[in-house]
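First up is the structure itself, then whatever we jot down about it.
The values are calculated or read from the model by the stated rules, or taken from the named source; none is laboratory data. Worth saying up front: this structure is predicted, and the values here are computed from it rather than measured. Positions of Cβ are backbone-derived with ideal geometry, glycine not excepted, and every protein chain shown enters the neighbour counts. Calculation scope for accessible area: heavy atoms of the full protein, side chains included, ligands and nucleic acids excluded. Shrake-Rupley method; radii C 1.70, N 1.55, O 1.52, S 1.80 Å.
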Amino acid sequence: MVTVRLEWAEDADQDLGLPTYATSGAAGADVRANFTEKQSLTLNAGARALIPTGLRIAIAHGFEVQVRPRSGLALKHGITLPNSPGTIDSDYRGLLGVIVQNGGAEPFEITHGMRIAQLVVAPVVQAAFE
């Protein structure tokens, strides 16, 4: 098992908890929107926004965290991540934000605490290019 160290941002709502796996067989851990004022954000059709998670992440060397869409949001509302899968490298120590896009036909409200993406930890192999 790999340990991914997380640290709360200064103004984060820690009551939301850390990312969690919904089931024992889940590959991805759900991460939540963590707005500083506990507000919501409405994404119009076609719009995209960087959604804060309130977390800083530290990944062990030799691993990455992939940020992937949640299939239920994609199917029901057209909500996706335009750079999917997004990669968080092992040397990144900044705040974790998720780029969310509304590919649906209707506005979609992202609320404080909503599960917006999933995090998948994966090994990294670097190649020699010739």
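List of remarks:
- Carbon + sulfur, % of accessible area of the chain - ligands and nucleic acids excluded, 1.4 Å: 50
- For segment 1-65, the dipole from Cβ point charges (+1 on Lys and Arg, -1 on Asp and Glu) about the Cα centre works out to 200 debye, to the nearest 20.
- Net dipole in debye of segment 1-118 [+1 Lys, Arg Cβ; -1 Asp, Glu Cβ; about Cα centre; nearest 20]: 320
- Segment 1-101, relative contact order in percent, only Cα pairs under 8 angstrom and at least six apart counted: 30
- With protein chains left intact and a 1.4 Å probe, residues in the chain average 61 Å² of accessible area per residue.
- Distant-in-sequence amide contacts of Ala117, defined by a placed amide H-H separation under 5 Å and a gap of 5 or more residues or a different chain, comprise Val31.
- The candidate values are (1) 15.0, 51; (2) 20.2, 80; (3) 13.2, 36; the one derived from this structure for Rg and Dmax of the Cα atoms in Å carries the label (1).
- Positive end of the dipole of segment 1-97 (Cβ unit charges, origin at the Cα centre): among Ala33, Gly62, Thr23, the Cα lying farthest that way belongs to Thr23.
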